[in-house]
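K.L.:
The structure follows.
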Amino acid sequence: MGSAYDLDKIEYNPRCRDVKEAVIILSYIGIFFSSLTLIFGIYKMLLKKGRLSFLTRIILFIFFSEILNMVSRCLQFLKYAFEDTRGKKDKNDVETPRGIICQIQIVFSIISDFCSLLGTLLLSIRCVEVIKSKKRIFDRKKVRVLSFCFIILFASIMALLFLFIDRYLTKDYWSIKFDIRDRCSYWCWLEHDTSRYCYILYVIILIVNIVYACKSNYYLQKGYKKLLEQSVVLIENNDSPGNENNNSEVEEKRYISFDDRRRVDEIRMMRIKCIIYPIITIIIWSLSSLYRFIDDFIMRDVDVYHTFEESWNGEEEYWKNKEGLRIFQEVNLILHTILSAFRGVLYGFSFMMFEEKVFGNFFRNYIYKCCYKEEEFEDLEETDTGNSRTSDRGILTPFSSGRVSHEGDQYIRQTSTGEYVKNNEMNSSDYHYND
């Protein structure tokens with residue numbers, strides 16, 4: 001048995017004894033708010049009427065994978081229902097209840113990591129496919145289901161593989177037995193060599209994520225500009241001042257119809273949606289990888305003791321004349337704890353900003369104004385007599401509302417949905433998520 005607020009024997013852990021209490025508090029707060037935010041996001045997406053788009057299903061998949069990460073963290077509480085075996089001199093080849101829970105934590109964490117990374121990659125690939133490809137393989141339901149099954153299967157296989165390698169490499173070491181893996185981080189993770197190879201694989205997937213995120217943004221920007229070009233119309237003006245012979249003159253006005261304005265709004269929203277989740281993933285995993293590589297490099301020479309006595313004495317001796325490095329390691333641990341515990345909040349908050357109407361217009365317009373150039377258009381209006389025409393110059397906001405078409409329908413270029421899909425190669429089912 002033990003206390004969930006575990007500061008027992010912290011004096012024997014110089015690598016984290018000054019920050020262990022902060023790590024516990026941050027972990028508890030992060031677990032609570034991340035779980036709450038993710039569950040809220042899942043609830044709102046599932047509550048939405050109509051068929052869910054594939055992009056929304058991918059985001060749901062990412063949220064569920066992050067929930068699994070929170071479950072891994074919550075298993076920490078279960079450990080304290082069992083005997084504290086950390087002080088026993090058995091090596092890592094002995095299975096204990098706490099050691100088994102630790103291994104389950106590791107497996108769940110790795111599955112969650114791979115699912116979040118590969119899910120984000122799938123989202124970026126889908127965005128590129130929707131805007132660019134004429135033949136979209138993910139339009140087929142069977143392919144969509146298989147893509148999710150493949151990610152889950154791959155993540156599970158890799159998690160079990162890394163765990164078995166870890167068990168093999170650490171079976172003769174006391175200093176890195178599963179019972180004491182959480183003595184600083186408050187959750188279990190792989191030993192240092194296995195962790196390094198796991199994160200190398202994460203970084204490879206992250207690099208591919210970056211490539212596809214850039215590609216999706218490029219193609220969406222290209223499609224957006226193409227749609228804007230289609231909004232330009234030529235208007236015959238017979239009422240030009242000084243036109244004595246009443247000859248027709250051609251005047252170019254930038255005008256956009258209500259249907260086109262709606263589609264411009266949708267592709268703008270898709271640009272944000274297809275970039276915000278990859279950006280969050282890139283930030284989270286870039287910083288996490290940086291921490292892990294530094295930690296594995298520093299701690300690899302510390303966790304190499306075979307016996308109880310060697311470990312307690314050797315670790316204290318290792319840090320004795322390395323005060324600066326020890327403080328640096330503690331700061332890294334705090335930052336990593338914040339990032340790991342609150343990453344569910346980051347994913348969930350992105351949903352609130354760009355999916356949920358409660359926050360929607362404020363954040364969407366604010367982010368869009370910061371990141372993209374606003375376009376100006378002329379809204380044309382003809383009087384009942386048809387003898388006069390007025391024009392009001394206005395800025396097309398990212399999420400404008402209201403019908404724009406006035407009298408004088410002969411000047412409105414109505415683009416059909418079929419023509420729009422044909423010209424822009426967009427699948428409308430993937431961005432009508434706010435209806």
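K.L.:
Which length gain, in nm to one decimal place, applies between Ile279 and Asp193 when the Cα-Cα distance is subtracted from 0.36 nm times their residue separation?
P.N.:
28.1 nm
K.L.:
List the pairs from Lys89/Lys320; Lys91/Lys320; Lys9/Lys89 whose alpha-carbon separation is above 18 Å, in the order I gave them.
P.N.:
Among Lys89/Lys320; Lys91/Lys320; Lys9/Lys89, the Cα-Cα distance tops 18 Å for Lys89/Lys320; Lys91/Lys320.
K.L.:
Assuming 0.36 nm per residue, please report the length gained on full extension of the stretch Lys142 to Ile204 beyond their Cα-Cα distance.
P.N.:
Fully extending the segment from Lys142 to Ile204 adds 19.6 nm.
K.L.:
Now for a different question. Taking 7 Å along the Cα-to-C-beta vector as the label spot, tell me the Phe82-Ala4 distance in nanometres, rounded to one decimal.
P.N.:
The two pseudo-label positions are separated by 1.8 nm.
K.L.:
Say R0 is 25 Å: what FRET efficiency, to the nearest 0.05, do Phe154 and Leu36 get from their beta-carbon distance?
P.N.:
0.30
K.L.:
Using a/c under 1.5 as the rounded threshold, could you call region 82-228 rounded, prolate or oblate? The axes a ≥ b ≥ c are square roots of the C-alpha gyration tensor eigenvalues, and prolate needs a/b larger than b/c, oblate otherwise.
P.N.:
Prolate, because a/c is 1.5 or more and a/b exceeds b/c.
K.L.:
Return Phe349, Phe114 ranked ascending by Cβ neighbour count within 10 Å, so the fewest neighbours appear first.
P.N.:
In order of increasing Cβ crowding within 10 Å: Phe349, Phe114.
K.L.:
Exposure proxy check: Glu323, Glu83 ranked by fewest other beta carbons within 10 Å?
P.N.:
Result, fewest neighbours first: Glu323, Glu83.
K.L.:
In which sequence would Thr307, Thr37 go, from the one with the fewest C-beta neighbours within 10 Å to the one with the most?
P.N.:
Going from least to most buried by this count: Thr307, Thr37.
FYI, it's all coordinate maths here, none of it is from the lab. Remember, it's a predicted structure, so these values are computed and weren't measured experimentally. Heads up, the Cβs are rebuilt from the backbone with ideal geometry, glycines too, and the neighbour counts pull from every protein chain shown.
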